[in-house]
Amino acid sequence: MDPDTDDLPLMANTSHILVKHFALDLDVYFDSQTISGSVVLFLQPTMTGEAYSSQLAEAHGVQEPESSVSPLNICSSHSSMKDTTLCAIGEDTFDKCDHHGNRKETSGITSSGNCYDRWNHRSGDFILVLDCCDLTVLKVEEVDLTSVPVTEKCMCSTQSNHGLGQQFPESHQMPPELAASPASRWKDQLSCYIQRSQAPGCGELIFVTDSWSLQIRKAGVKMPCAFPSAVRIWYKTAANGRSVKWTKDQSGRPCVYTFGSPINNRALFPCQEPPVAMSTWHATVRADSTFIVLMSGENFAAPTNCGQGLNSWFYYVTMPMPASTFTIAVGRWMEVKENTSEERFDLSHFTPLNVNDRSSGPECKHMEYPCRYSSPEARTQMCIPYRVFAPDALLNRCKELLHPLLCHCLEAAYSVVGVHPFPRLDVLIVPPNFSSLGMASPHIIYLSQSVLSGRKQLCLTRVSHEIAHAWFGLAIGARDWTEEWISEGFATHLEDVFSAKVQKLTAEEAREQHELKALLRWHRLSDELKNSQQELQILRPQGDSTGEVSDSGASVVRHGLNADKAFMQVHYLKGYFLLRYLEKIMGQDAYFSFLRKFVTKFHGQLILSQDFLNMLLNHFPEQNKHGLSVELIYKIWLDTPGMPQPLLEDRQTWEENGLVQRVREEVSKWARLNKRTRRSTGRKRQHEEEFNNQILPDQLVLLLDLLLQENTLCAKTLQCLKTTYSLQEQDAEVRHRWCELVIKHKYTAAYKDVEIFLLQDQAMGVYLYGELMLNEDARQQELAHRCFAVVRDQMDVSCVKVVGEMLF
């Protein structure tokens, strides 16, 4: 693999060994902009000794050894080993290089692969490979689990590790009380993890790092089932690490947060990034007592004073999740308190779930954990507990707009897809340099400040979108990250459904608004398809190889490092249109009834496209008779670039929509006004057009989209347009279209609006830089360079790359 390509490498050898639980113990230092401490990995082999030996022999073209090396004592003193920062790995390893510890390979990913092969082929030792980047690894040590007494409380299970217990002594295995405990004993299991994560080290392990991985071995250990079952890694993050962002909030106070970058969390802690590596975790985080620590965790954490002006925060997760979903945010946030006068949500217009049907449904198919789907209380909990955090500069706006919407959106989501997969929710308004309108993680949602502008429409739709990810993207994840449509397509489709419920729309009103949304998204998709590479327009870029990995479990995410792809919405839009198409064919009520059954069956699991499509077509067998098949859906929607044929047919229906027709009438008025204004000498009284300034935000977006197709709009028309609709007070979607009009027609009087947008709505302003440069107007280009200079140091690295290519 070439590190300069757009593919993101997933290096962890998850087919050999899996992390079952992470125990993080971290300190946050704002003066040096680093997070440092340790992470304990509780490991469980996934392959027997014989299978591993066979695979290794096949990979290297050698015969299997007649006998395996005797296993070492898991807590040997390592007295024969030299200090880990200086000792040699071996005469035949790394071309006799005598360095290990935090060794950097200069040749990147290829070097990593060669290193892995050399270690196995020459030393014969098994290597634990972790995804790791932008970290300084200080020390790796084996954890002496036997030093912690196993109390009766911790004896949760006597199950063995997938039949591996017959091959190696018990000391080499994941302790049974941690390996497999019943869900009812989750508190005991968590207590065991906490106790054992604090056990002392019993010998340092050999390790190297390269551009994308951390590789760990124990001399003489030949197979994953003999590898230590707990490893502690001491490390610190880099100030410019690509998984964390050090910045300032809207009140000018320092903060740091993880931001879902293309490389996920490997620059926050060494981990296993492939989605199949699902684990639980607990974390203790210390920071200055003036800061609040928010994190993916099932508990509402409270600070504990630990002296020296520091507070400690503790979070835990008992539902196994991919490491990429772990999120942390530290800042001087303020909690938005509930307005006691807030009107409670009226659910009388909702169709309630049939709880009896749900409780008698299929048993959970996921691995053992305390699942909310098996809890009678959770099955009737329409709104989970939630909190809102923001910098003090935005508290009032959050209290007025965001906080009142949350309960409404949560209850609407429950009415559509059922049980909330997670027990609580925090919502955080992140700094202006956040590169998206929102991001959902377990128990926490990030929102851009852009959603707080204008009326409630943008805030409502974005909150609905992120809440939908609790089901699609988190509780049900894609087994192959290239199938992003499974997460984003479902969330985009459901945001409309949730929003209609919250607004209490009639069936006809909901239909009209959904068709208006569909037309807007058709325009957006059409533009993206015209201006993007065909290979980025395919929703299953791996084709029939989707979900396949190497023998070790390593793989790549196609185009995962492509900066342009981070700002594309093809996987959102084509996925959304596919689901609308299926809903239309199956019928709305039948489709959403099926969707609840699908969620009930697959929650807590990873899926591929065919899992959803096969269950859908089996549920509606009559569609098979009409020629609809998984293969046909692949061909039309998922495996082919360009616009799916059914959308070309649906567009005419959307054009005839009543809301759309009223917008076209308004556009005609503006065209007439503009024509008269251009011809007028100013001496004659202008005929006044009567404009409807109470149109919906989505109608206003469409109106501006259509006006962008006009060749020339004069300054007076643009000024009248801005005044009529109070455009500077509208939401970010509307103001973005207004900025496009300003740039296209070089309306200098509103350049300040463009500047404000680029500085305050960075999540949406990226492509405005390109518009400013394309006009080849000196004043516009100067504006672009000036704004970029102000925000560049705080921008996400993908934004910097994309904007930099536009400007330079």
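The values are calculated or read from the model by the stated rules, or taken from the named source; none is laboratory data. This is a predicted model, so every value here is computed, not measured. Cβ sites come from the backbone with ideal geometry, for glycine too, and all protein chains shown count toward neighbours. Only protein heavy atoms, including side chains, enter the accessible area calculation; ligands, DNA and RNA are left aside. Shrake-Rupley method; radii C 1.70, N 1.55, O 1.52, S 1.80 Å.
The table below lists the values:
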item: Charge dipole magnitude, Cβ of K and R +1, D and E -1 - the range 370-428, Cα centre, debye nearest 20; result: 100 debye
item: Per residue value of the accessible surface for the range 470-623 (all protein chains in place, 1.4 Å probe), Å²; result: 35 Å²
item: Karplus-derived HN-Hα couplings along the range 588-593 (A = 6.51, B = -1.76, C = 1.60, θ = phi - 60°), whole Hz, x at Gly and Pro; result: 4, 4, 5, 5, 6, 5
item: Packing-based ranking, highest mean first, of 188-200, 501-513 given that Cβ atoms within 10 Å are counted; result: 188-200, 501-513
item: Ranked by how many other beta carbons lie within 10 Å on average, peptides 763-775, 7-19 from highest; result: 7-19, 763-775
item: Vicinal HN-Hα couplings computed from phi for the range 625-635 (Karplus, 6.51 cos²θ - 1.76 cosθ + 1.60; Hz; Gly/Pro x); result: 5, 8, x, 7, 9, 4, 4, 5, 5, 4, 5
item: Greater than 32 Å apart at Cα, pairs in Lys399/Lys601; Lys236/Lys456; Lys245/Lys456; Lys501/Lys625; result: Lys399/Lys601; Lys236/Lys456; Lys501/Lys625
item: With DNA, RNA and ligands ignored, accessible area of Met382 (1.4 Å probe; Å², nearest 10); result: 80 Å²
item: Placed amide H near Asp426: partners under 5 Å, 5+ positions off or other chain; result: Arg387, Ile444, Ile445
item: Net charge over other residues, Cβ less than 9 angstrom from the Cβ of Phe422 (K, R count +1; D, E count -1); result: +1
item: Pairs from Lys669/Lys722; Lys139/Lys801; Lys584/Lys635; Lys669/Lys746 whose Cα-Cα separation, in the structure shown, is over 24 Å; result: Lys139/Lys801
item: Percentage of interatomic Cα-Cα distances in the range 647-758 larger than 17 Å; result: 56 percent
item: Relative contact order, percent, the range 685-808 [alpha-carbon distance under 8 Å, six or more residues apart]; result: 20 percent
item: Portion, in percent, of the accessible area of the range 541-642 that falls on carbon or sulfur, probe 1.4 Å; result: 47 percent
item: Distance cut-off 15 Å, percentage of C-alpha pairs in the range 477-516 lying past it; result: 49 percent
item: Solvent accessible area, Å² - Glu666, 1.4 Å probe, full protein context; result: 10 Å²
item: Average projection area in nm² (convex hull over Cα atoms of the range 691-808, one quarter of hull surface); result: 7.1 nm²
item: Rounded, prolate or oblate (a/c below 1.5 giving rounded, otherwise prolate when a/b exceeds b/c) for the range 600-650 by Cα gyration tensor; result: oblate
item: Cβ-defined net charge surrounding Glu298, 15 Å radius [Lys, Arg +1; Asp, Glu -1]; result: +2
item: For Met223, residues with placed amide H under 5 Å, excluding near neighbours; result: Phe126
item: Segment Asn618-Lys716, length gained on full extension (0.36 nm per residue, minus Cα span); result: 29.3 nm
item: Loop sites in the range 697-784: trypsin sites (Lys or Arg not before Pro), DSSP, at most 15 other Cβ within 10 Å; result: Lys746
item: Protection-proxy order for peptides 592-604, 405-417, 616-628, each taking the mean of Cβ atoms within 10 Å per residue, highest first; result: 405-417, 592-604, 616-628
item: Long-range HN-HN contacts of Lys139 with modeled amide H, under 5 Å; result: Trp234
item: Environment charge of Trp333, counting only residues whose C-beta is closer than 12 Å and scoring Lys/Arg +1, Asp/Glu -1; result: -1
item: Column: log10 I(q)/I(0), Debye, Cα scatterers of the range 380-420, q = 0.17, 0.29, 0.34 Å⁻¹; result: -0.50, -0.93, -1.11
item: Inter-probe distance in nm under a simple model that places probes 7 Å from Cα toward Cβ, at Lys801 and Arg676; result: 5.3 nm
